[in-house]
Amino acid sequence: MTTRSKTRLGLLFAYAVGAVLISQSSVTAPCLNWEEGSWFVYAFENGFWAGLVTPQYGYYAFWTSLATALGANAAPLEWAPFVTTAFAFALWLLMALLITVPGSPFRTTGQQVLALTLVLFAFPMYARLHTHVAHFFFGVCALTTLLSRVPDRLHAWLYRSVLLVAGMTGVVAIFFTPVFWYRWWRSRADRECLVQASILSVCAVVQLLVFVFDLSALEFVHGRSMRLASLDPIVFVTAVANKSVVATLLTPSAMEQLGPVLVSGIQAGRSGWIGVGALGLCLALGLVLKGGRGRTSRDPAAGTLLLSSFLIVAGLSFVGSTDASPNPRDKLFLIAGHSRYAFLPNVIVGFALILHAVRADRNRWKTWLYRGLLSWFVLCAVGGYALYRSQQSEWVRSCPRWASEVAAWQRGESRRLTINPPTRSIRLPVRAGSARGF
């Protein structure tokens, strides 16, 4: 084994330990999250294959469906959350693998350490080891694939497989489809670029059909298509600035505290000034994403790929994060709530800072500017996550005792099982045994 391989394994091991430490309760005493529980209940009531192929919430999520279908039908009920947690943890390891493989855009060990750190801490999410948020993490996989080169056929099939599963798990990965086609257009001789763009396009067609024909078992979603048409542009720009600039430079906690102030200002008629300030921050962020040339090994125009990815992913993610209504509560959610929707945009910013910090354009002041921003981002990410953990509610830090819930259900003492958060529960049909066959 070469020194490089040993280093790669060491990074993966350290990353795995870090992922466990920041999600201890989910590893030692896992439970289902309430959205994840919807997939689980459907698979439990209808069997493995129905649970595997049936979309939920307006999209098809292969990884979530597979995890919950196996947990509901191929394991004792007491072990169901361990199955879903294992799938979530495997996805975390996949993100790390793509960052450290030979084709990765992060060539040096230092760059890989920074990228792994940002994936762990870029934005706090209380449901990190639950499969219902898998599409956000598959978005990181799609982003890494976009910036990577393909050194051999083995890596080609690895990237193809990742993109196929990512595109069939929610809609976040397919947001990158136009950027993949742009990359192919710049290098039309690269057949692998065409293959990857085509895979995501097929997945996008499937997800579009699920939405248009409302094939989901849960939640009628056509009304959500009106969000974009009725969204206040000032609120949207303010949300992008707050979640992607304030959260990056002043920690996510500062973003949450600033949210009510911004909503109050908009409601009080100061939306013009707030919009101008937010637009200025967004333009500055665009220059940071575009400026300089990162060594992506595949395409020297890393800035264009990163900027395009951010605009599409942040725009579609934030629009889809909450209802566009005049209700101040909905505006607050868009500007400072639903942190999981801000995870991938912040990872894009972090990756841009890492790649642009490399002296590829021989511009010394710009290089040190990016290095300074990167150092501050990492400091705020780690420190902000520690602050976030200290301020978390008890229900976020610990899950209900799933084994006790299952035991009460099996004894007939309760028809409902408490999940996370404890205000939520799922209802399972009573039957002999604790697992169903395929």
Task: Verdict on F137 being under 26 Å from L374 (Cβ atoms), hydrophobic (A, V, I, L, M, F, W, C), assigned by TED's automatic domain parsing to the domain that holds F44 and not in a helix (DSSP H, G or I) - done: no
Open item on the list: One residue is enough: does segment 92-108 have a residue meeting the conditions in a loop (DSSP other than H, G, I, E, B), surrounded by fewer than 23 Cβ atoms within 10 Å (Cβ to Cβ) and out of contact with any helix residue (DSSP H, G or I) (no Cβ under 9 Å at 6 or more places or on another chain)?
Closed with: yes
- [ ] For segment 48-62, name all the residues that are over 19 Å from V202 (Cα atoms) and among the small types (G, A, S).
- [x] A50, G51
Open item on the list: Can you say whether P30 is touching a Cys at 6+ places or on another chain (Cβ under 7 Å), surrounded by 21 or more Cβ atoms within 10 Å (Cβ to Cβ) and not in a helix (DSSP H, G or I), as far as the supplied structure shows?
Closed with: yes
TODO: Kindly check whether there is at least one residue in segment 161-169 that is surrounded by fewer than 17 Cβ atoms within 10 Å (Cβ to Cβ), in the same structural domain as V206 (by TED's automatic domain parsing) and within 19 Å of the chain's Cα centre (by Cα).
DONE: yes
Task: Residue in segment 146-156 that is assigned by TED's automatic domain parsing to the domain that holds G37, under 22 Å from V378 (Cα atoms) and part of a helix (DSSP H, G or I) present - done: yes
Open item on the list: Of all residues being at pLDDT below 80 and surrounded by 12 or more Cβ atoms within 10 Å (Cβ to Cβ) in segment 416-438, which is nearest to A75 (Cα to Cα)? Just the residue, please.
Closed with: A435
TODO: Would you check which residues across segment 1-59 are at pLDDT below 90, assigned by TED's automatic domain parsing to the domain that holds F137 and farther than 23 Å from A403 by Cα and list them?
DONE: Q56, Y57, G58
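Please enumerate the residues belonging to segment 33-54 that are in a loop (DSSP other than H, G, I, E, B) and either β-branched (V, I, T) or surrounded by 23 or more Cβ atoms within 10 Å (Cβ to Cβ) (or both).
T54
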- [ ] Can you run down the residue pairs with Cβ atoms below 9 Å, 6 or more apart or on separate chains, where the first is in segment 242-256 and assigned by TED's automatic domain parsing to the domain that holds G384 and closer than 15 Å to G350 by Cβ and the partner is modelled with pLDDT under 80 and of a type in the set (D, E, K, R)?
- [x] A247/E256
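The values are calculated or read from the model by the stated rules, or taken from the named source; none is laboratory data. What you see is a predicted model, and the numbers here were worked out from it, not measured in a lab. Every residue, glycine as well, gets a Cβ built from its backbone with ideal geometry; the counts of neighbours run over all protein chains shown.
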